[in-house]
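For reference, the structure discussed in these notes is given below.
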Amino acid sequence: MTHDFSIVSLLLNASWVVQAVVLLLLTLSVISWAAIFRKLFALKRVTTLTEDFEREFWSGSSLNDLYAGATQNARQGSPMERIFASGMREYLKLRERRIGDSGALLDGARRAMRASYQRELDAMEVNLAFLASVGSVSPYVGLFGTVWGIMHAFTGLAALTQVTLATVAPGIAEALVATAIGLFAAIPAVVAYNRFAHDIDRVANRLETFIEEFSNILHRNLGAGTASGH
């Protein structure tokens, strides 16, 4: 007697628990791939917009002109542009209140930029926790399906008087499919998580560096008594 060991045939003949586990894992895999592609394009866009704004910032444009552009482009702009706008907005508000303490002006602008930085970092890290969960949990879910499938296979063999490899193999193969699908779901999620975490760390370092550099520019402008240029 020959057995069809194709994955589809094995799944169709597997127990309902194994089928449910595989369906869950395939669903998680599809969702994780969708999250991977969304995050891939989002981070690429963030990097491009950040580089564009950084180039414009250091091109010699005045802070007031940059602030006007950043205010109009708040939603479509880069995280760096929104951080700049937050710091500049707070700085100008404090100047309008005629606060003469340069330390208070700088601290206010820096706090505003730090708060904006944290919001941008949280936005960039969306879906990372999901990918980490898929990468860490999927192998165990698949292993559960495998263990259940093997138990089911051996329970069915208990009624047989003669057990051979040919009778054991189909049940074991059906069970092992769950582990394979679990790894299929987990590996891309883990690789993507590590890649995105690295890319986000690089962007975060650039944003922190910008905060320090912009703070130094504001400090120099306070010394010169103007915030019209840098």
Checking the condition assigned to a helix (DSSP H, G or I), open to solvent by less than 70 Å² (accessible area, probe 1.4 Å) and over 23 Å from GLU208 (Cβ atoms), which residue from VAL137, VAL147, VAL141 passes? VAL141
Looking at segment 64-104, which of the residues that are hydrophobic (A, V, I, L, M, F, W, C) and crowded, with 22+ Cβ neighbours inside 10 Å is nearest to the chain's Cα centre (by Cα)? MET80
Residue check, ILE200 over 30 Å from ARG110 (Cβ atoms) and either at pLDDT 70 or above or touching a strand residue (DSSP E or B) at 6+ places or on another chain (Cβ under 7 Å) (or both): no
With respect to ILE36, is the statement that it is among the hydrophobic types (A, V, I, L, M, F, W, C), touching a Pro at 6+ places or on another chain (Cβ under 8 Å) and buried (at least 16 other Cβ atoms within 10 Å of the Cβ) true? yes
Output the residue which, of all residues in segment 113-125 that are of a type in the set (A, V, I, L, M, F, W, C) and open to solvent by less than 20 Å² (accessible area, probe 1.4 Å), is farthest from PHE41 (Cα to Cα). MET113
Take segment 26-51 and flag every residue that is touching a Ser or Thr at 6+ places or on another chain (Cβ under 7 Å) and more than 19 Å from ASN194 (Cβ to Cβ). LEU49, THR50
Regarding THR167, is this residue assigned to a helix (DSSP H, G or I), at pLDDT below 85 and surrounded by fewer than 16 Cβ atoms within 10 Å (Cβ to Cβ)? yes
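The values are calculated or read from the model by the stated rules, or taken from the named source; none is laboratory data. Keep in mind the model is a prediction, meaning the values are calculated, not measured. Backbone-built Cβ (ideal geometry, glycine too); neighbour counts: all protein chains shown. SASA here: full protein model, heavy atoms, side chains in, ligands and nucleic acids out. Shrake-Rupley method; radii C 1.70, N 1.55, O 1.52, S 1.80 Å.
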